[in-house]
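Note sheet for the following structure.
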Amino acid sequence: MSEKEIQEIYQRLNTDFNFVSDLRSKVLIVHLNLEHWIDKIIESLFGDSSLFRTFAFKVKILQSIGVFANNDELLGNIKLINNIRNRYAHNLLSADETDPDIRS
């Protein structure tokens, strides 16, 4: 991936993130971009990210081969983003910005 492509992706993330005001949309945008980069890492290691179906499984695979070694904070934040995304995706009426698990 070229530097130009990386800049375009970053610019798109920045534009999309700033376009929306609600937390649910921001979480979904961040999660989508995060999964894009995780897929790129998996593709560089295994050639095909479609072998790994879920976000959580992709993260576990990367964790098991040491991608997050010595970076527990990054791994914790990735898991947190995924948990919040799942709350929004699977709890249409109950998950909102006042939920203490989401606000923290």
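The values are calculated or read from the model by the stated rules, or taken from the named source; none is laboratory data. Note that this is a predicted model, so its numbers are computed, not measured. Here the Cβ positions follow ideal geometry from the backbone for every residue, glycine too, while neighbour counts run over all protein chains shown.
What number goes with the only condition from (1) exposed (fewer than 11 other Cβ atoms within 10 Å of the Cβ); (2) in a helix (DSSP H, G or I); (3) modelled with pLDDT of 85 or more that Glu5 does not pass?
Every condition holds for Glu5 apart from (3).
Can you name the number of the only condition in (1) surrounded by 12 or more Cβ atoms within 10 Å (Cβ to Cβ); (2) more than 16 Å from the chain's Cα centre (by Cα); (3) outside any helix (DSSP H, G or I) that Ser21 fails?
(1)
Of a type outside the set (A, V, I, L, M), assigned to a helix (DSSP H, G or I), at negative phi and modelled with pLDDT of 90 or more: does that describe Asp101?
no
Of everything in region 24-38 that's among the charged types (D, E, K, R) and farther than 20 Å from Met1 by Cα, which residue is surrounded by the most Cβ atoms within 10 Å (Cβ to Cβ)?
Taking the candidates together, the pick is Arg24.
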